[in-house]
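The values are calculated or read from the model by the stated rules, or taken from the named source; none is laboratory data. None of the values given here were measured: they were computed from a predicted structure. Here the Cβ is made from the backbone with ideal geometry for all residues, glycine too, and neighbour counts use every protein chain on show. All accessible areas refer to the heavy atoms of the entire protein, side chains included, with ligands and DNA or RNA removed. Shrake-Rupley method; radii C 1.70, N 1.55, O 1.52, S 1.80 Å.
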Amino acid sequence: MPTLSLPLSNLLKNKEGFKRLIADFKYLHSRSGIWTVSTSAPWISSSRGPNSALVSRRQAPVGQLTAGNMCTSSSDDKTSWLWSVYNETKQQTQDLIPVISNNFVNPDTIFANNQMSLQDIEIYGFDYDYTLAFYSSHLHTLIFNIARDILIDEHRYPEGLREYDYIPNFVIRGLHYDVQKALLMKIDAFHYIQLGTVYRGLNPVPEKEVIAMYEGSHVPLEIMSDFYGKSSHGHTMKQFMDIFSLPEMTLLSCVNDYFMKHNIDYEPVHLYKDVKEAIGDVHVRGIMYRAVEADIEKYICYGEQTHAVLQKLSRNGKKMFLITNSPFDFVDRGMNYIVGKDWRDLFDVVIVQADKPGFFNDRRKPFRRVTDKGVLLWDRIHHLEKGQIYKQDLTLKHGWRTGAIIPELRKEIKIMNTEEYVHTMTWLQALTGLVEQMQVHRDPASQTVIQQWIDEREEMRLRTKDIFNAQFGSLFRTYHNPTYFSRRLSRFADIYMASLSCLLNYDLQHTFYPRRTPLQHESPIWPEQTSTGAINIPFQSQRTTTGTE
């Protein structure tokens, strides 16, 4: 999300302030016209005095430097002029920072991709993992260690792999893995690889090598998986969307790293399938479930607010169901810890071992009732009864609205609210506009200056990636485009939020409206672009006014 598109609530209270930001915004982000040097009528009155040279936008022929004879000036004059424009642009950017910094995004906001009213929602369905139950970082370490040992003990992988431990924050969700080439990478919404985010094992692959392998940076559609993670060409390019996939990606990277370090010739497809099977065994064999149940306080973060959300919905007469791939005894143990022994009273239907995502399709698998001990009953199910536990599928034919829980969202918003990020992104956008405008000056002196700007821009782009994750950057953006993860999120989720607790900040009559994000040919700013749910309102005040039932 562009920094200068942050909520403008403070400025909207002041007409002159709003006019000033509009002028500054157009100044920094104009896409047409020409930049000239002027000694009068600046965009904004400056404390540096009326005679200071300020940059303004004029409708003049491209390439004209001033109304006088600058077009025939010497190389030194042109270089000096370009740097004066650069310095003034930078000063204007710095003037904007305090205004933008005061309009942060509330990380407890619910964001909308589609218009949706809670008033229309009568039934709420919840996943268990990372929706009702949040896990500590210890769980990823547990999954990694168990799967690593399965590779060694059962698949006869080298004993030296035990030297590898789980690496927190090495990978992010949404990455693609080229099974044939054993490469992990981030791909944007338009199927372009973000150069600088391609890893073989634990080491980055040089950009030139990536471009040579893919004959550019575009990944052909036929080898990409579809929105459901399937590929018509089998295991070619796999996307990891689930939070549980973080240990799997890390294990793939570590095993690849070991094989390369020891010059072991291996088949990448077999490696991928073996790691996938080992990770699956951690779940299928119940190893993870038993470990979590044995030390539940270590692995599950206590969810007091989860209980509050469920209670709020129940008191307002909403029906609720729980659907999970996990077995009943595991869910029961966790929900007892999070909500209490009476947790089943809050749900009208509980569905376990649901076989998601296959659960959500048109293949009919009749429900089967499950006892508290996990025994499947044979009797035919005519209707679902409150208090009973069920297994198998239902179909996605009911116009469900979808809300996505993205735990990483809170961390990324907090980063975007920092002064460092605001300053970097604002100047990055301004500098990009400057390069775009001034590239028309093709003489060697001008091109030397512009190349320095391009180099600075590239350094800033790398910095904005590293501030989120040193290897792969933000979950939601490449350098400028949305990621493939963002594309899928916008396709399938009507609303999204950092945690279920965000629902406590809204009454159940609330309507969510998506922000009107400008297209490339549209005006870059307008008042309705402000997201009222994300404005800078003190949290306690917001809860007082909207958190009532």
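The residues of the range 197-218 that are in contact with a Lys or Arg (Cβ under 7 Å, 6 or more places away or on another chain) and either under 19 Å from PHE468 (Cα atoms) or not in a helix (DSSP H, G or I) (or both) amount to a single one, THR197. Inspection of the range 245-267 identifies at least one residue that is out of contact with any Phe, Trp or Tyr (no Cβ under 9 Å at 6 or more places or on another chain), of a type outside the set (Val, Ile, Thr) and within 30 Å of TYR128 (Cβ to Cβ).
Among the candidates ARG442, ARG491, ARG457, single out the residue that is assigned to a helix (DSSP H, G or I), free of Cβ contacts under 8 Å to residues at least 60 places away in the same chain and either open to solvent by 30 Å² or more (accessible area, probe 1.4 Å) or in contact with a helix residue (DSSP H, G or I) (Cβ under 8 Å, 6 or more places away or on another chain) (or both). After applying the criteria, what remains is ARG457. Pick out the one residue from ALA112, ALA133, ALA189, ALA212 that is among the small types (Gly, Ala, Ser) and within 30 Å of PRO327 (Cα to Cα). That would be ALA133, the only listed residue that is among the small types (Gly, Ala, Ser) and within 30 Å of PRO327 (Cα to Cα).
Yes or no, residue by residue, for (1) in a strand (DSSP E or B); (2) open to solvent by less than 20 Å² (accessible area, probe 1.4 Å); (3) among the hydrophobic types (A, V, I, L, M, F, W, C); (4) at pLDDT 95 or above:
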position: GLY473; (1), (2), (3), (4): no, yes, no, yes
position: TYR479; (1), (2), (3), (4): no, no, no, no
position: ARG487; (1), (2), (3), (4): no, no, no, no
position: TYR496; (1), (2), (3), (4): yes, no, no, yes
position: CYS502; (1), (2), (3), (4): no, yes, yes, yes
position: THR517; (1), (2), (3), (4): no, no, no, no
position: GLN540; (1), (2), (3), (4): no, no, no, no
position: ARG543; (1), (2), (3), (4): no, no, no, no
position: GLU549; (1), (2), (3), (4): no, no, no, no
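Selection of the range 153-171 for residues being within 34 Å of the chain's Cα centre (by Cα) and more than 30 Å from GLY473 (Cβ to Cβ) yields only ARG162. Please go through the range 395-446 and pick out each residue that is out of contact with any Leu (no Cβ under 7 Å at 6 or more places or on another chain) and of a type in the set (S, T, N, Q). Correct list: THR395, THR402, ASN417, THR418, THR424, THR432, GLN437, GLN439.
When GLY286, GLY303, GLY280, GLY317 are checked against the criterion of being surrounded by 15 or more Cβ atoms within 10 Å (Cβ to Cβ) and either under 28 Å from the mean Cα position of the chain (by Cα) or under 22 Å from HIS510 (Cβ atoms) (or both), a single residue qualifies: GLY303.
Using the structure shown, decide if MET425 is within 30 Å of TYR124 (Cα to Cα) and surrounded by 19 or more Cβ atoms within 10 Å (Cβ to Cβ). No.
Matching residues to (1) over 28 Å from MET497 (Cβ atoms); (2) of a type in the set (Asp, Glu); (3) crowded, with 20+ Cβ neighbours inside 10 Å:
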residue: ALA133; (1), (2), (3): no, no, yes
residue: HIS138; (1), (2), (3): no, no, no
residue: THR141; (1), (2), (3): no, no, no
residue: GLU154; (1), (2), (3): yes, yes, no
residue: ASP178; (1), (2), (3): yes, yes, yes
residue: GLU209; (1), (2), (3): yes, yes, no
residue: GLU215; (1), (2), (3): yes, yes, no
residue: HIS218; (1), (2), (3): yes, no, no
residue: ASP242; (1), (2), (3): no, yes, no
